[in-house]
Amino acid sequence: MTSNPLLEPGATIGILGGGQLGRMLAMAAARLGYRSHIFCPDPDSPAFDVAAAQTVAAYEDTAALDDFAAAVSVVTYEFENVPVDSAFHLDRNVPVRPSPAALYMAQDRRNEKIFLTDRGIAAAAFSAVDSAKAVSAALDKLDAPAILKTRRLGYDGKGQTTVHAANDAEGAWRTIGEARAILERVVPFEREISVVIARDQTGATAAYPPVWNIHENHILKTTRAPAPIPDTLAKEAQAIASRIVETLDYVGVMGVEMFVVNREGELSLAINEMAPRVHNSGHWTLDGAATDQFEQHIRAIAGLPLGSPEMIAPRVEMTNLIGDEANDITALASEAGDCIHLYGKAESRPGRKMGHINRLRWSEDGSAKV
Ligand code: AMP
């Protein structure tokens, strides 16, 4: 459905997915006077605690989807692995934002790459592969080592492995579960950055400043805002993100991950991937920007004007609390300006994101950790 006028205060927003992103979206919706209805198969979803209504059902359960569509005024999603058929099914009865077409593009790495390369937007060279033999053939074109990534359902380094030589192909193919994949040339990046951008239903966009993302064990550990890159490159990164959301006629917040490549002092950008949702590298905005990414997303899908993406402190650092780290919260958030966000997850497991801390810093002296 295309029409999506201004949602009346008190209207209900449907959110597919009940993790921390759904939870923070529901909290932002409540601040704007909306109710949230979370649809998630997991009965222990952290978003349930802060929502007015819940559905526990499989994403493929069309009867449950129909009841959900009847109970809400607009549907959004907090993760890109919602089955696209379910999004199209819902969209027949209630507007789904961002559109199912954007979801279709972003949930498959091959589609995403074709979208970018067709538009001349730089990304790592790739080949689509569907067998170990194809991996080995593609390696000839792309140079070893290369990265084998499943087309769908990969996250935090899962579903990917490095292929060092043609005789690695069989093993690598098994490692990723023999799923349809892409083989990607390694980008010799200097730094990983991302742009979180919002686009509303009138076509207006608001891009946050590019941020620097630092990973540990394939999981985002720290985001620093703003990224320490030249102004011209920051503007170029925002312009690419704008072009992507405009081309898709996108409504909502998107995270665009990019590599900064330094070739003998000349800096350039290559897109890594696009997330059609609020993004972990935008969590700093909860305390560090005039309008946070969750509110921005709700504004966009509810037909409200976008807020300012300006930073309200010169530097902000977001640190994810992973596994048991949340137990050390007193030590980790010891300075004034350290803002604590915990997701209310009952059980901590290695690699599980339990919360994050936003550190706002106004100076570059010894006390500044950014
Ligand atoms: P992804 O799941 O595609 O975001 O990949 C996870 C991480 O693997 C990225 O954040 C990079 O650190 C690394 N990576 C992915 N693709 C490439 C590439 N083509 N070249 C170099 N590093 C990569």
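Any idea which of Leu16, Ala71, Ala87 is furthest toward the positive side of the dipole for the chain, if Lys and Arg beta-carbons carry +1 and Asp and Glu beta-carbons -1?
Farthest along the dipole direction, towards plus: Ala87.
Lysine pairs in the chain with alpha-carbon atoms under 17 Å apart, 8 or more places apart or on different chains: how many are there?
Eligible lysine pairs with Cα atoms under 17 Å apart amount to 11.
For Thr247, tell me the accessible area in Å² from a 1.4 Å probe, rounded to the nearest 10.
70
May I ask you to give the solvent-accessible area per residue for region 189-361, in square angstrom, as obtained with a 1.4 angstrom probe?
On a per-residue basis, region 189-361 sits at 39 Å².
Debye calculation, C-alpha points only, no solvent: report log10 I(q)/I(0) for region 125-185 at q = 0.15, 0.22 Å⁻¹, in the same order as the q values.
-0.32, -0.71
Taking a quarter of the surface of the convex hull around the Cα atoms of region 225-298, what do you get in nm²?
Average of the hull's projected areas for region 225-298 equals 5.3 nm².
Leaving out ligands, DNA and RNA, what percent of the accessible area of the chain is carbon and sulfur, probe 1.4 Å?
Exposed carbon and sulfur together represent 49 percent of the surface.
Each residue of region 347-358 in turn: what ³J(HN,Hα) in whole Hz from Karplus with 6.51, -1.76, 1.60 and θ = phi - 60°, glycine and Pro shown as x?
10, 9, 10, x, x, 7, 7, 9, x, 8, 10, 9
Work the Kirkwood hydrodynamic radius out for region 97-223: mean of 1/r over every pair of different alpha-carbon atoms, inverted, in Å.
That comes to 16.1 Å for region 97-223.
Would you mind computing Rg(Cα) / (2.2 N^0.38 Å) for the chain, counting N as its residues?
0.98
Got a sec? Charge dipole of the chain, +1 on Cβ for Lys and Arg, -1 for Asp and Glu; which of Phe115, Ser281, Leu7 is way out at the positive end?
Final value for the positive-end residue is Phe115.
Just to be sure I understand the model, the point goes 7 Å from the Cα along the line to the Cβ. What's the resulting Val56 to Ala144 distance in nm?
5.0
Calculate, for Ala239 and Leu6, the FRET efficiency according to 1/(1 + (r/R0)^6) with r their C-beta to C-beta distance and R0 22 Å; round to the nearest 0.05.
0.15
Among Leu360, Thr150, Ile312, pick out the residue whose Cα is farthest towards the positive end of the charge dipole of the chain, where Lys and Arg carry +1 and Asp and Glu carry -1 on C-beta, about the Cα centre.
Of the candidates, Thr150 comes out farthest on the positive side.
Under the rule of -39500 (n - 2.57) per DSSP H run of 4 or more residues, summed and divided by the residues of the chain, what mean residue ellipticity at 222 nm is obtained, to the nearest 500 deg cm²/dmol?
The per-residue figure over the chain is -7500 deg cm²/dmol.
The values are calculated or read from the model by the stated rules, or taken from the named source; none is laboratory data. This one's a predicted model, so the numbers in the text were calculated from it and none came from an experiment. As a convention, Cβ positions derive from the backbone with ideal geometry for all residues, glycine included, and neighbour counts pool all protein chains shown. Side chains included, ligands, DNA and RNA excluded: accessible areas come from the protein's heavy atoms. Shrake-Rupley method; radii C 1.70, N 1.55, O 1.52, S 1.80 Å.
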